[in-house]
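A quick write-up on the structure given underneath.
The values are calculated or read from the model by the stated rules, or taken from the named source; none is laboratory data. These figures come from a predicted structure and were not determined experimentally. Here the Cβ positions follow ideal geometry from the backbone for every residue, glycine too, while neighbour counts run over all protein chains shown. Heavy atoms of the whole protein, side chains included, go into the accessibility calculation; ligands, DNA and RNA do not. Shrake-Rupley method; radii C 1.70, N 1.55, O 1.52, S 1.80 Å.
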Amino acid sequence: MRSRSLLSWTTRVTPPQRVGVVTVTFNTGDTLESFLSSVTEASVAPVDVVVVDNASSDVAVARQIAESHGARFVALDGNVGYGAGVGSGFDALAADCDFVLISNPDVTLQPGAIDELLRAALEHPDAGAFGPLILTAEGDIYPSARKLPSLRTGVGHAMFGRVWPSNPWTRSYRAESTVIEARDAGWLSGACLLVRTDAFAAVGGFDKGYFMYFEDVDLGARLTEAGWKNRYVPTSIVTHTGAHSTSQHSHRMDRVHHASAYRYLSRKYSAWYLGPLRFALRVGLRTRSTWTTRKR
């Protein structure tokens, strides 16, 4: 389904509360301009925008773009990862922000996208996170609202998702992800989501132990455990053009992805008697990471 037919669903609303936007850059200055320009049309009210830079080589370019759009710019001394970068952005936001949109800089928001997420937040006070419909650069629907992975589907997807995309575990894991209807999900893609500030703070935000990947899965799980829902809002539409910064270091990102998968699964199944399972997970994921890296 293409964005043009979906845009007819969107009705602009005046946001009743203060909204912040946090994005984290790492050598992505070329996409930041489009993102910040789209933020202006995504809500009828002004938003407080913070751009966090993870020690990019083009930090001067990112700073200039951010400040030209009236955003505050936070330059970190090193690359602390996505979740920790978002945390630094939260710290820099105005204290009275009721909601915060977390987004990659290689995302373009369609007009009214933030307002639609806010509408859902008002209609669902029991939800702590709200995710838009995410389109790829080609206009296809990205699977951004999924179930929390069980042991079987999590292991199967982590082990075979890339090398055997049609495997039964990945198909089960993504079964609901392309259903275009408002619904509750296990977790929402961290590429772009709106969080209720008090809910996000109550669960400690993103776990900084994840450098990249699975921090959004972990957040969805912890929000659920704390009694909050994760709400998919397909009337809010954004386009994600791709992993610009990670593509520059694909081998390293493969290793990071597998390490994050292990962190999530090992913490979910942390009982002492599951030690053999955790050992098998570690060995299997490391083996797969090595094989994938060598293949590339």
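Some observations on this one:
- In region 84-101, the count of residues that are over 19 Å from Glu215 (Cβ atoms) and not hydrophobic (A, V, I, L, M, F, W, C) is one or more.
- Scanning region 44-62 for residues being assigned to a helix (DSSP H, G or I) and either closer than 20 Å to Phe90 by Cα or within 19 Å of the chain's Cα centre (by Cα) (or both) gives a total of 2.
- Qualifying residue in region 147-157 (condition: more than 19 Å from the chain's Cα centre (by Cα), open to solvent by 20 Å² or more (accessible area, probe 1.4 Å), modelled with pLDDT of 95 or more and not small (Gly, Ala, Ser)): no
- Any chance Glu41 is surrounded by fewer than 18 Cβ atoms within 10 Å (Cβ to Cβ), within 20 Å of the chain's Cα centre (by Cα) and either touching a residue at least 12 places away in the same chain (Cβ under 8 Å) or closer than 23 Å to Ala113 by Cβ (or both): no
- Tally of residues being without any contact (Cβ under 8 Å) to a residue 60 or more places away in the chain and either open to solvent by 20 Å² or more (accessible area, probe 1.4 Å) or in contact with a helix residue (DSSP H, G or I) (Cβ under 6 Å, 6 or more places away or on another chain) (or both) across region 59-87: 19
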